[in-house]
Amino acid sequence: MLESIGTNVLSDFIFLLIIIALGWIIIALTRRSRLLKFFGINASRRIVVYLANLRVKQFGAIGIDGRQRSYQGSAVPFGEMLIANRFRDLFNYLIPSLSDRPGILSKILISDVQVQLSTSPLNHGKLEPSASFITFGSPAYNAASGFVETELHSQARFNKDYSEISVANVPPITEVTHGFVERIVDHDKKRSIFYAASLGELGTVGAAHFLATEWARLHRKYGHDTAFLVMLRFEPTDYRRWSIVFER
């Protein structure tokens, strides 16, 4: 019996070594290096994703029965959380899943990037001072987005009542089916800042999804140290279906 257990342990260990070796070969042969450079984290191996902070007052929440409920506190849009987890998967899963393997192998996850998901703080002073970050949504709910607009001078900006998006030399954007992705390269702090937003959740989630799935296309066109802005139009019923309105 002990011999059988020892054989199984040795077999699992050998399999693990093979998977790790194959994983590193895959990393070397695929786009891993370009991914990290594109997002400005090849040195720091750390990125923060800021989600909208929806502060609910007591009895300001509506239950599924349509009644006001006593919940109070911070909440985040469901769609933003789904896409934020998409970014976690993009950076963290370096080798094929071992979840279908028996025993201890099913618990192993190898990662070399720290992805921090965070609701927006209430002011700029509590933002990460040096890490690359991605911010979702308008400054109305996200201080990181406000920082990008006021301190980093983004190309895309919301007006005072958040009813339209302004971009120089372009008519104001007022459609909730439109959303944008912008990258600003902060050379002083050696980081990249990404801004994905819209007038509604559809466009914000769509823009973030576009960034997560089309980063390689953007890398081919803009490299890892050039600022860009892409304005997108999404199908009203599916944020995964997009077309480019303009880019610069």
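Cross-link partners of Lys160 among aspartates and glutamates, defined as those whose alpha carbon lies under 15 angstrom from its own and excluding same-chain residues fewer than eight positions apart: Glu149. Rounded to the nearest Hz, the phi-derived 3J(HN,Hα) couplings of the range 38-48 under the Karplus curve 6.51 cos²θ - 1.76 cosθ + 1.60 (θ = phi - 60°) are 4, 8, x, 10, 5, 9, 7, 6, 8, 9, 10, where x marks glycine and proline. Close amide H partners of Glu164, meaning residues 5 or more places away or on another chain with modelled amide H under 5 Å apart, are Asn159.
Once backbone amide H atoms are built at 1.01 Å from N, Ser138 has Ser198 as its partners under 5 Å, excluding neighbours fewer than 5 places away on the same chain. Residues Glu80, Glu247 in ascending order of nearby Cβ atoms (within 10 Å, fewest first): Glu247, Glu80.
Taking a straight line from the alpha carbon of Lys221, these lysines sit under 30 Å away, with near neighbours fewer than eight places off in the same chain left out: Lys37, Lys189, Lys190. Put in line by how crowded their Cβ is, counting other Cβ atoms within 10 Å and starting with the fewest, His187, His178 read His187, His178. Look at the dipole of the range 31-247 built from charges on Cβ: of Gly137, Phe210, Phe39, the Cα furthest out on the positive end belongs to Phe39. Potential lengthening of the chain between Ala216 and Asp186 amounts to 8.8 nm, from the contour at 0.36 nm per residue minus the alpha-carbon distance.
Summarising the amide proton neighbourhood of Tyr71: residues at separation of 5 or more, or on other chains, whose placed amide H is nearer than 5 Å comprise Phe59, Ala61.
Only the coordinates and a few stated rules stand behind these numbers; no lab work does. What you are looking at is a predicted structure, and each value in this text was computed from that prediction instead of being measured. Using ideal geometry, Cβ is built from the backbone for each residue, glycine included, and neighbour counts are taken over all protein chains shown.
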